[in-house]
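In what follows, a structure is listed as C-alpha cells, so that the remarks can point back to it.
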Amino acid sequence: MTVRTRFAPSPTGYMHIGNLRTALYEYLIARGDPDGKFILRIEDTDQKRYVEGATDVIYATLKQVGMLWDEGPDIGGSYGPYIQSERKSLYAEYARKLVELGGAHYCFCSKEEADEEKDEEQNMKFEDPCKRLSLEEAKKRVAAGEPYVIRQTVNKKGKSKYHDEVYGDIEIDYDELDEGVLLKSDGFPTYNFANVVDDHLMRITHVVRGNEYISSTPKYNLIYETFGWTPPRYVHVPPVMKDAQHKLSKRNGDASFQDLVAKGYLPEAIINYIALLGWNPGTEEEIFTLEELEKTFSIERLNRSPAIFDIVKLTWMNGQYIRKLGEDEFAALAKPYITKSLTRKVDIKTLCKVLQPRIETLGAIPEEISFLEHVPEYSTELYLNKKMKTDAAVAAQALDYAVAALEKTTDWNNDVLFAALKGVAEEKGMKNGQIMYPVRIALSGRETTPGGATELAVILGKDETLARLNAARQKLA
RNA sequence: GGUCCCAUCGUCUAAAGGUUAGGACACCACCCUUUCACGGUGGGAAUAUGGGUUCGAAUCCCGUUGGGAUCACCA
C-alpha cells in the first residue's frame, strides 16, 4: 500500500514551530516511500477562527522549506476538494449515516445545558438526555426545524486498545470517552469528525499529530469501526516546549517560523534543527539537508518525551549553514542587511568575507557593522592593551607611522596593506600588534570588529581610512 | 479530581540487561591569530527516588515524586 500522509493545518494565523515539525514528519514519512504522497488539507471548519491570508502563509512556508505537496487545494488531486469548508455537505451526509448505524445521535440540548449538566460535579460526564430519544422522535424534531447537533454515541464497555507507532500499545476505557459533538448546529463538522471522514476518504495511511490526541484517538477508532473502515497508522509525537512547563505557542509570543526567518535564520537550518527535536538518526551526525532527511528518517527513531526548543543551539546550527554558503550566495543573503544599515559605500566583497565566518544569524549584521557608518564615541583607554603592548603613547606613534605608509600606498588591497604595515613595524622595531591594534581601534572605535586592521582599511577605502586615522591621531594629541 | 502519557549532563540526545554512560549546543582552558570570531585540542557536567527481578539494571516490574495532556458546537 502506498504511503499517503497529510498535513492538515487550520488557517488561524502563523506557522508555528510545532506545526511545522509535524508537517516535516508527515512529509518525510511520505517521501520514505518512492510512491508516497504528501497531501495538504486545510481544516477551516471553525469560521470564528478563520484568518484572512492564513492559507497563503501555509503555502509560502512549505514552499520556502522545500516541502512540496502532491495534492492540495491549489493543485488539486483525485481526492478533493482539499478545503474542509468545501466538503461541508459530505460530512452531514456521513453524520446522518453514522446515526443510522448507531454510532451517533441527534442532540437538541443547548451548549449551556450541556455545560451545566457537566459542571455540577467535577467528575461527572455529560449524560445526554437526547440519547434516550428514539430515532423517529429525533427525526421528527429535526424535520420540525428544531436546532440540533449530532453527537457521538459511545455504548461500548471495557477497554479500547490501539497501537501507536511511537507510544506503543494504548489502552483506554470506553467510559472515559465523552460523547462529543460531531456535527455542529451550523452544519459544520468538528475536527473529531472531519478528520476521520477525510482521512478515510483521502486514503491516508499515516496520521502524525500531537500527543494530546492520544486519549481521544479511541473515539475516532470507534467511528472507523462503526463505518467498517480501517483506521490509519497513528504517529503521535510529543510537543515542542518553550520550557519544561509550557508548550511553544503563539499566545506566549513565541517565535513562529516567519519570525525566525525575519531574524535572519535560514529555512534550511530551521528545518534541520526541528527535525532533531524529537527524532535522531542514530548516528552522531546532525547536519542534514531536507534531501538527506528524506533518506534517513524513520518513524522508529521518533522520541516519546517532550523537547525544549533551544534557540541557542538553533543559532549555532544557523551559523554552520551560513558558513557552508558559497561566497556569492552569502553576499546575496547578506546584502539587504548590509545596505539596510549603511549609506556609506564600502567594499562589499571584503566585508562579506570577514562577516561570513563570524555571524550566526543574518540579523546580527547591522550591529556587527554599525561602526562602518560612523566611528562611535570611544575612550582612548581602548588603546591600552597589555597583550599587544600598546597604550595611548604607542598608539600615537603607530598612527603617525601608519598614515605615512598608507598615504603612499596606491594598490589598496589586503595583501599590500598588510605588507606595508608589517614593514613599518619591522622598520621601527615594533611588534606587529603595536601597529595593527591601534589602527584597528582608530578605524572602528571598537574593541572587537569583524576583520582586522587591514581588512577594515580595505572595506572603508583609502580616503575614509586616512580620514579616520587622522581623526584618531587628533584625539590622542 | 478521573484517565492517559513522560522522566539520561543546564538543553537536544545515544546506549533496545554487560560501555570508563557516547555525541552536540552552552560554559571553561589552551592552540591558531592584525582584534573578535571561525577552526583545532582538552576539561567540568547526567541515569529523579525507593523497592524488587537478575550473576549483572539507565535499560524489565511495582511504588513514590515531579512534569505534561485530556475531560469544548477549538483543532
Before we move on, is A:Lys295 touching a helix residue (DSSP H, G or I) at 6+ places or on another chain (Cβ under 8 Å), part of a helix (DSSP H, G or I) and among the basic types (Lys, Arg)?
no
Scan the range A:271-292 and give yes if some residue there is out of contact with any strand residue (DSSP E or B) (no Cβ under 8 Å at 6 or more places or on another chain), free of Cβ contacts under 8 Å to residues at least 12 places away in the same chain, closer than 22 Å to A:Glu26 by Cβ and more than 9 Å from RNA strand B (Cβ to nearest atom), otherwise no.
yes
Matching residues in the range A:20-69 (crowded, with 16+ Cβ neighbours inside 10 Å and of a type outside the set (Ser, Thr, Tyr)) number 28
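Listed here are the residues, each with its yes/no results for (1) within 13 Å of RNA strand B (Cβ to nearest atom); (2) closer than 19 Å to A:Thr390 by Cα; (3) surrounded by 15 or more Cβ atoms within 10 Å (Cβ to Cβ).
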position: A:Lys408; (1), (2), (3): no, no, no
position: A:Lys428; (1), (2), (3): no, yes, no
position: A:Leu443; (1), (2), (3): yes, yes, yes
position: A:Gly452; (1), (2), (3): yes, yes, yes
position: A:Gly461; (1), (2), (3): no, no, yes
position: A:Lys475; (1), (2), (3): no, yes, yes
Would you call A:Val261 away from RNA strand B (no atom under 11 Å from the Cβ), in a strand (DSSP E or B), under 23 Å from the mean Cα position of the chain (by Cα) and in contact (Cβ under 8 Å) with a residue 12 or more places away in the chain?
no
A:Thr380: touching a residue at least 60 places away in the same chain (Cβ under 8 Å), loosely packed, with under 15 Cβ neighbours inside 10 Å and either closer than 20 Å to A:Gln474 by Cβ or not charged (D, E, K, R) (or both), yes or no?
yes
With respect to A:Arg304, is the statement that it is out of contact with any helix residue (DSSP H, G or I) (no Cβ under 6 Å at 6 or more places or on another chain), farther than 20 Å from A:Tyr14 by Cα, touching a residue at least 40 places away in the same chain (Cβ under 8 Å) and within 14 Å of RNA strand B (Cβ to nearest atom) true?
yes
For the range A:42-92, which positions are at positive phi, under 19 Å from the mean Cα position of the chain (by Cα) and touching a residue at least 12 places away in the same chain (Cβ under 8 Å)?
A:Gly66
Members of the range A:463-473 that are surrounded by 21 or more Cβ atoms within 10 Å (Cβ to Cβ) and either polar (S, T, N, Q) or within 19 Å of A:Leu355 (Cα to Cα) (or both)
A:Thr465
How many residues are away from RNA strand B (no atom under 13 Å from the Cβ) and basic (Lys, Arg) if we restrict to the range A:125-178?
7
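No lab work stands behind these numbers, since they all come straight from the coordinates. Computed from a predicted model, the values in this text were never measured in an experiment. Counting neighbours? That spans all protein chains shown, and the Cβs are built from the backbone with ideal geometry, glycine included.
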